[in-house]
Every structure is written in structure tokens, then in C-alpha cells.
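The values are calculated or read from the model by the stated rules, or taken from the named source; none is laboratory data. Just so we're clear, the structure is a prediction, and the values are computed from it rather than from any experiment. Virtual Cβ from ideal backbone geometry, glycine too; neighbours counted across all protein chains shown. Ligands, DNA and RNA are excluded from the accessible area calculation, which covers all protein heavy atoms including side chains. Shrake-Rupley method; radii C 1.70, N 1.55, O 1.52, S 1.80 Å.
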Amino acid sequence: MYSTLDSIDIVITNEAGEKIGVQTDHRSAEEIESEFALSVIFALTRVLGVRRSDMDLHNIRFHHQAEPSSEFLYVLLATGAEVQSDESSTPQSNAEDRDAWQAAAESAFQDLGQQVFERYEVAPTLDGLQAVESHILDALQNAGGKEENEIGYWTAIAELGAATGLVAQQAFGGRWQFDPEFHSTIPFMFFSNVSDNEVNLNAFGKSERFIEQGLSQAPSQLLVQLNDMAASFDQGQVMFGLKPADWSLREMSLCKPLIKNSKEHPEAEMPLVAVVRDMPNTTQTIPHTTSEEEAEALYEQAQTNVKNLEIEATEIDLGVKAIVLQGDYYACEKVLDDDFMRSMHAQLETPLLAVTLPVKGMALISNGAELTCVGTLYAIACGQFQEAPEQDRISKMVFVFEDGMPAGFVATDMFDEILESEEE
């Protein structure tokens with residue numbers, strides 16, 4: 001199926017004994033031409049995605065029912081893939097021309113984005129993009145997911161991503177580029193420069209999450225972030241932002257593990273402490289390429305601002321004595337204020353604190369020297385983590401604080417066994 005973007009249709013062995021991944025397309029040449037931009041995006045995704053698999057393929061072959069047009073054939077051959085049709089017995093192939101397929105992708109994204117806004121009769125603006133999101137979400141609501149409606153699913157993602165890039169391009173300039181890290185199934189990101197800061201938009205990854213999770217993951221949020229950045233990037237208050245271990249921007253952003261020596265425990269899914277700017281509508285990450293001197297100054301600013309943060313710290317009864325931190329978007333980051341955490345030691349009358357950070361905006365603290373307290377916090381953290389939207393999750397781990405500072409974490413295997421037995 002021409003719209004199967006995340007797998008190989010068939011694997012064959014050629015006369016030389018080499019494995020060839022075959023991607024099929026049963027459409028006529030006229031059908032391909034009628035949606036040329038989408039066809040280019042799908043075809044590039046199908047060859048670039050397969051090449052990163054561990055199947056030890058010698059090459060990729062596109063097999064078409066009908067001979068593709070010369071323009072489409074040019075794009076396919078530029079990828080270095082073989083091309084064959086029912087009308088030709090011998091596959092055609094050329095050496096890969098990366099510049100050619102990159103240019104074809106850029107043109108396809110531009111054309112598809114324009115087509116989307118024309119279809120819904122809205123302008124390529126933030127408001128227009130939000131209208132497109134609403135139309136596409138409504139259309140998919142009763143059409144089924146990826147398994148039931150594969151063509152509609154991937155078409156929606158491609159259209160939303162292309163539309164997002166077009167709005168960004170018209171507002172800030174920039175271009176599409178191949179993403180070798182494959183942060184999304186369609187492996188391209190939109191790169192721009194806003195207020196002298198290089199930014200990249202994972203528009204297709206955001207679109208995938210939008211289709212799966214709804215408005216909380218709308219691609220238009222990326223444009224809101226750019227608008228914030230353009231308005232006052234260097235004016236946003238510097239803060240710490242706790243992020244999950246698998247945060248997609250960890251390699252690009254200024255951040256460090258919550259516990260310094262966590263590399264000694266690779267099995268631990270250690271949350272990250274990112275340095276961010278608190279903007280009117282969003283938080284902006286800071287590039288990992290920031291100089292060491294500037295990074296140190298930013299960490300100091302964030303530490304000062306966390307200490308000045310006022311939150312609600314309420315003592316609660318969970319069967320054990322505990323304190324919940326809430327009342328502010330950055331409530332869970334308050335655990336990074338060592339003076340505040342020392343006051344928690346005093347209030348709970350213990351030299352060791354057990355701390356959980358399951359979701360954004362909330363933290364739970366109890367006596368880290370009492371096994372019952374640790375187990376109770378872990379059980380609650382697991383429940384809150386699972387029930388929260390994916391974008392709000394941080395960690396299910398239980399951390400141990402000593403003298404107001406994160407000092408380690410608790411091995412929770414024993415508690416997992418207890419929770420599993422209770423579920424049974």
C-alpha cells in the first residue's frame with residue numbers, strides 16, 4: 001500500500017542473493033499525478049525510513065502497477081532506490097542525489113501546505129492553521145485510526161505538518177530539512193531563525209501526537225511558541241523545567257539529569273532538569289550549544305527564581321504523613337530549592353525525604369526512612385503517571401533527598417511485585 005509509511009511491504013532476494021525491500025504502489029500514473037505533492041512525501045518517507053531499519057537490506061525497490069511519470073520517476077531515482085513497474089521487467093536505478101530529493105521534498109511540503117489552506121478556504125496564518133486542525137480532527141473522528149483508515153491517517157499528518165511549516169515559513173522564513181534522528185515518521189523538520197535563535201519545528205511529530213491525543217498536542221502550539229520567541233525571547237524569566245527521561249528535545253537543549261551520578265545506573269529513567277524561559281503562552285528551551293559561561297549564569301538565574309517561587313505546600317494524610325506541592329505550573333520544580341526542601345526535612349522530622357514527581361505542577365513528599373511511606377508514594381505516583389496526559393508526565397520514580405538535595409533513588413522492584421499481586 002502506497003500509504004504504509006512505517007514498514008516494508010515485501011522483502012525479496014535478488015539473483016546475487018541480496019535482500020531487497022520492496023515498496024508497492026497500485027495507483028495509476030494519473031492518480032499519482034493528481035496528488036503529486038503527497039505522493040512525493042509518502043515515497044521519500046518509505047525509502048528513508050526503511051534505510052534506518054536493522055534488516056540488512058541491499059537496497060529499496062519501488063514497484064508500481066503503472067509506469068510513473070518522468071517527474072515522479074526522477075524523484076524516486078534520486079533516492080538511490082530501484083524503480084520497476086508491471087510494464088518493465090528490469091528495474092531502473094541511479095546513484096543517490098541527496099540535493100535532488102531534498103529539493104523535491106521542500107517543493108512538495110510547500111505545495112501541499114498551500115493546497116490544504118486553499119481547500120478549507122482559510123489564510124496560512126495561526127488562526128487559519130487552528131481552523132485546519134479543527135476540520136481535520138472532525139473528519140478523522142469517525143473514520144477510525146491508523147489500522148482502519150491508513151490513507152486518511154497519514155494524509156492528515158502530512159497535511160497538518162506541511163501546513164504548519166508553511167505558516168512558519170511565511171512568518172519567519174526558513175526551510176524544510178531531512179531529520180537523520182527520525183523524531184517523527186515523516187523524517188523532516190522545519191528549520192528557521194527567530195530573534196537570532198536557531199529553531200527547529202518537529203511539525204510532523206506534533207501532528208502525529210495531535211491525531212492520537214487531540215487538541216492538547218495541536219501543531220499550532222509550535223507557532224505560538226515562535227510568536228513568543230519573536231516577541232521577547234530574552235525577556236522570559238529563566239526557570240528550571242523538569243522533563244521525562246525520554247524528552248524528545250534532550251539532545252538539543254540545555255539540560256542535565258536530576259541526579260548527577262545517574263549515568264552509573266543506566267536502567268534508571270532519570271528525569272532531566274532543563275533550563276527554560278517562561279514566556280507568556282509557552283516555555284522556551286535553551287540550545288545545548290550555549291557557551292559554558294552563559295549556561296552557568298542561566299543555571300544561577302533559574303536557581304534564584306525557583307527559590308523566589310511561591311507555591312502551596314499542604315500536609316495531607318495518605319495513610320502516612322505526606323506533603324503535596326501544588327498551586328503553580330512550576331510547583332514540582334520547587335524541589336530544586338534546597339532551602340525549601342530543608343524546611344520539608346524539619347516539618348516531616350526526618351533526615352531523608354522520599355519525593356515523587358509523577359506529573360507537571362505537582363510533587364509528593366514523605367518520610368524517606370520509612371518503607372511504608374516510600375511504598376505509598378510510589379503506588380500513588382504510578383497511578384497519577386498512568387492517568388495523566390502524555391505531555392504532563394515526568395516520572396514514576398521515588399527520589400531520596402538528603403540535606404535538601406537529590407541524593408539518590410529507590411529501587412522499586414519489591415513495590416512493583418506488591419502492586420501486581422494487588423491487581424490480580
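If Thr79 satisfies all but one of (1) without any contact (Cβ under 8 Å) to a residue 40 or more places away in the chain; (2) within 27 Å of Ile136 (Cβ to Cβ); (3) not hydrophobic (A, V, I, L, M, F, W, C), what's the number of the condition it fails? Exception for Thr79: condition (2).
Of all residues in segment 331-345, those being under 19 Å from Val275 (Cβ atoms) and either among the polar types (S, T, N, Q) or open to solvent by less than 30 Å² (accessible area, probe 1.4 Å) (or both) number 7.
The one condition from (1) touching a Gly at 6+ places or on another chain (Cβ under 6 Å); (2) farther than 21 Å from Pro287 by Cβ that Glu133 does not meet is (1).
Working only within segment 67-83, note down all residues that are small (Gly, Ala, Ser) and within 33 Å of the chain's Cα centre (by Cα).
Within segment 67-83, Ala78, Gly80, Ala81 qualify.
Residues that are crowded, with 20+ Cβ neighbours inside 10 Å and of a type in the set (S, T, N, Q) were ranked within segment 351-375; the one that is farthest from Glu310 (Cα to Cα) is Asn367. Tallying residues that are touching a helix residue (DSSP H, G or I) at 6+ places or on another chain (Cβ under 7 Å), of a type in the set (Gly, Ala, Ser) and more than 11 Å from Leu44 (Cβ to Cβ) within segment 57-92 yields 2. If you go through segment 159-210 and pick out every residue that is closer than 16 Å to Pro287 by Cβ and of a type in the set (Val, Ile, Thr), you end up with 2.
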